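Q: One structure, as C-alpha cells, below. Some questions next.
The values are calculated or read from the model by the stated rules, or taken from the named source; none is laboratory data. Note that the coordinates shown come from a computational prediction; the quantities given were computed from them, not determined experimentally. Cβ: placed from backbone, ideal geometry, glycine included. Neighbour counts: every protein chain shown. In case anyone asks, the SASA skips ligands and DNA or RNA and just uses the protein heavy atoms, side chains included. Shrake-Rupley method; radii C 1.70, N 1.55, O 1.52, S 1.80 Å.
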Amino acid sequence: MADEAKAKGNEVFATGNYTDAARHFTETINPAPANHVLFSNRSAAYASLNKFSDALSDAQKTVELKPDWSKGYSRLGAAHMGLHSYNDAVSAYKKGLEIDPNNEPLKSGLADAEAALARSSRSRPGPGTSLFGDAFGPEMWVKLSSDPTTRGFLQQPDFNDAGARGVVELEVPDQGT
C-alpha cells in the first residue's frame, strides 16, 4: 500500500498535480515515518504549491532522518528560498555541497540564493519608482529565479541593476499623431 501510494504520488507530481501528490506522500509517511525520501518528496510537492512552511518542516525532517543525503539540503534550501530566508537557503545549499561537491542542483540553488540575498540587501526603490518590481511581488521573483529559462536573465548584473532601479526601456508604438 505504501509503495503504491508513493508511486502514485510520483506519477501525479510529474503531471503537476501537486495537491494530490502531497496527499499520496502523506499516505506513505503514516506507515513509514522514518523514510527520508517520502518527506523529501512531500516537501517538493508543498514547495510547488507555495506552501513553503510545510515544505520547510518536511525538509527539516528529511535532513534529521538522513543528514548525509545531499538532496535533503536541496529541499531545505528551496523551502528557505520560498520563505525569503536567503541566509538560511545559502547555508543549506552549502551544507549539501559539503556532502556532494559536484551536485549541479545544489550549485545552481546556491547561486540563486546568493543572488537573491544580494538583491534583498540592496536598497529597494521607493513606491512608484519601479514599473514591475512591486507589481509582481516577491513570489514571482522566486518563481522566475527557480525557472531555468529565466534564471540566467536574473543573474545578469545589467538586468538586476536596471530592475533594482526600476529602469525599464519600453518601446512605445507610434500613435499616428
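Q: Each residue of segment 7-20 in order: what ³J(HN,Hα) in whole Hz does its phi give by Karplus 6.51 cos²θ - 1.76 cosθ + 1.60, θ = phi - 60°, with x for Gly and Pro?
A: 3J(HN,Hα) across segment 7-20, in whole Hz: 4, 5, x, 4, 5, 6, 4, 4, 8, x, 8, 6, 5, 5.
Q: Can you give me the accessible area per residue for segment 40-123, using a 1.4 Å probe, in Å²?
A: 46
Q: In the calculated pair distance distribution of segment 1-100, what percentage of Cα-Cα distances lie above 16 Å?
A: The share of Cα pairs beyond 16 Å in segment 1-100 comes to 52 percent.
Q: Determine, for each peptide in 13-24, 61-72, the mean count of other beta carbons within 10 angstrom over its residues, then list the peptides with the highest first.
A: Averaged packing, sorted descending, gives the order 61-72, 13-24.
Q: Can you tell me which lysines have their Cα less than 17 Å from the Cα of Lys66? Leave out same-chain residues fewer than eight positions away.
A: Lys94, Lys95
Q: Whole-Hz Karplus ³J(HN,Hα) for segment 74-79, in order, using 6.51 cos²θ - 1.76 cosθ + 1.60 and θ = phi - 60°, x for Gly and Pro?
A: 5, 5, 5, x, 5, 5
Q: Which order do the peptides 54-60, 108-114 take when ranked by the mean count of other beta-carbon atoms within 10 Å per residue, highest first?
A: 54-60, 108-114
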